[in-house]
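In what follows, a single structure is set out as structure tokens and then discussed.
Rule-based calculations on the coordinates, nothing more; no lab input. Only a predicted model underlies this, so the values are computations on that prediction, with no experimental measurement involved. Every residue, glycine among them, receives a Cβ derived from its backbone with ideal geometry; neighbour counts consider all protein chains shown.
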Amino acid sequence: MKIRLLSALFLAISASASAQQAANRPTVVAGFPVNYNEDSVGTYTLPELLKTADGKPVTTARQWTEKRRPELLRLAEENQFGKMPPKPKDLSFHAFDKGTPAFNGKAIRKQVTVYFKKDTADHEMNLLIYLPANATNSAAAPLLMNISFAAYNQIIDDPGLRVGEIWNKEGKKVKADKPTPFGKLNVEQFIDAGIGFATVYYGDIEPDFKDGLPYGIRKTYLKPGQTEPGADEWGAIAAWGWGLSRAMDYFETDKQIDSKRIALQGASRLGKTVLWAGIHDPRFKMVIASISGEGGAALARRNYGETIRHISDPSRYLYQFAPNYHGWADKVNAMPIDAHMLVALMAPRPLLLQTGSTDYWSDPKGEFLSAVAAAPVYRLFGETAPAASATMPAAGDTSLLMNHLGYYMHEGGHTVLPEDWKLFIQYMRKYL
Ligand code: GCU
């Protein structure tokens, strides 16, 4: 009897443990407990957005742009993502597919190799672009630029695609000739809406593992005597974002693409990436940051789900950030920035935050609160954003979506759902 009870109990516990995992709710990470109880998030005061370092109130869009924004940009760079180098002087593009009809003639396809360096093929990024077939030099197309966890031939059904290379679990580059767990993307839905689509594999820029430094682009920028980036220098997220700016460098050379109307989209760590890339490179007109969570749009001072302590633990994702970021793990309340400042740094350009109702680890409410706190900066520019009195929308409620600063939480977990893409298209049609 006793044994039966115990094993029933054990079964119940392990079932609930796996249900928690399934709902993205790990309970101890890197040795630190994770809080999911609203009563235990703690109290905090967010650092002031609309006051300059020397204590002057910011009351106009101009003061924001000229004074406060540069201050915050520098703080975010030094304390979180790290400084990155400018456009490389030897950057070059090789379009080996210059505009082939695709999807039954609905689209034209381009494949471009972006070389970051002059004399090596080790540092190249493969850029895939589809444009509506009617895009011309005088009627250039806007475009959604996605950054992906997989090589483009793995996520798009088009027999004309070059087979890329991806990093495997052992940290080796291998041919991307197998299916991925990331699923396929329906490109035609964008084309049908008159919007082009482009994508790159993030691993072409910098690998995504601890000790990946020797294989990526950051390594090539180490100064003599340096074995790793300095405390305020770029982590992998900034490197991925830097790669997106190199894609933008290409768009500026292609007359069929309207480089003034490019939206960035990425999910999870790549949601953090597009947020930072859009902040840092104002040539991007719009950002759609999916499930960006900690280190992205979710407030760091809220102790809910992942925290800086978890994400910046050297055993986990410190390599994605400037080493300085880890210094705030035990004193988040003293950090000079928080996520509402990242969100505000996008103003007045359109920013859509997409979250998931059971994505507890990423703290969807923390992203909502961040948007509410950042909203006054959008309002300085006369742009729409959640009101101070806004309440957290229920799953599937689109009432806060259609704003220059938009927020939307789908019913479900840590992913981008097919219906989310439909909403992104609506958002782009209105704001791009
Ligand atoms: C981990 C990490 C998150 C990140 C996510 C992802 O869960 O802790 O910060 O967003 O991976 O990239 O899927």
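Quick notes on this one:
- An ellipsoid equivalent to the stretch 165-216, defined through the eigenvalues of its Cα gyration tensor, has semi-axes of 28, 13, 8 Å when rounded to whole angstrom and sorted largest first.
- Each Cα pair under 8 Å and six or more residues apart adds its separation to the average, and for the chain the resulting relative contact order is 17 percent.
- Cβ-Cβ distance of K255 and S389, R₀ of 45 Å, FRET efficiency by 1/(1 + (r/R0)^6): the value works out to about 0.45.
- Distance between modelled label sites at Y44 and M402, nm, 7 Å Cα→Cβ extension: 3.3 nm
- Rounded, prolate or oblate (a/c below 1.5 giving rounded, otherwise prolate when a/b exceeds b/c) for the stretch 161-260 by Cα gyration tensor: oblate
- Mean residue ellipticity at 222 nm, helices only, the chain: -7500 deg cm²/dmol; runs of at least 4 DSSP H residues each add -39,500 (n - 2.57), and the sum is divided by the number of residues.
- Packing-based exposure ordering (other Cβ within 10 Å, fewest first) of M409, M125: M125, M409
- Between S315, S370, S290, the residue with the greatest mean-square fluctuation in the GNM of the chain (Cα pairs under 10 Å linked by springs) is S315.
- Share of pairwise Cα separations in the stretch 89-206, more than 18 Å, in percent: 52 percent
- In terms of surrounding Cβ atoms within a 10 Å radius of their Cβ, S40, S399, S312, S268 rank from fewest to most as S40, S399, S268, S312.
- Note on the chain: with charges restricted to the Cβ of Lys and Arg (+1) and Asp and Glu (-1), its dipole about the Cα centre is near 380 debye.
- Highest-MSF residue in the chain out of L417, L369, L401 [GNM, Cα springs under 10 Å]: L417
- Panel order for I237, I191, by other beta carbons found within 10 Å of each beta carbon, from fewest to most: I191, I237.
- Kirkwood-Stokes translational diffusion coefficient of the stretch 289-336, alpha-carbon pairs, 10 °C, 1.306 mPa s, µm²/s: 146 µm²/s
- Over the chain, equivalent-ellipsoid semi-axes from the Cα gyration tensor in Å: 32, 27, 24
- Size descriptor, Kirkwood hydrodynamic radius, that averages inverse alpha-carbon separations across the stretch 30-117, Å: 19.0 Å
- Three principal axis lengths of the stretch 319-432 [C-alpha, angstrom, descending]: 40, 34, 27
- The stretch 120-176: GluC sites (Glu not before Pro) falling in loop per DSSP and having at most 14 other Cβ within 10 Å: E170
- The gain in end-to-end length when the V163 to L75 segment is fully stretched comes to 27.7 nm, 0.36 nm per residue minus the alpha carbon separation.
- Among K89, K272, K285: highest mean-square fluctuation, GNM of the chain, C-alpha pairs under 10 Å: K89
- Mean projected area (nm²) of the alpha-carbon convex hull when the stretch 49-90 is viewed from all directions: 4.0 nm²
- Percent breakdown of C-alpha pair distances by 10 Å bin, ordered from the shortest bin, for the stretch 246-381: 13, 41, 32, 12, 2
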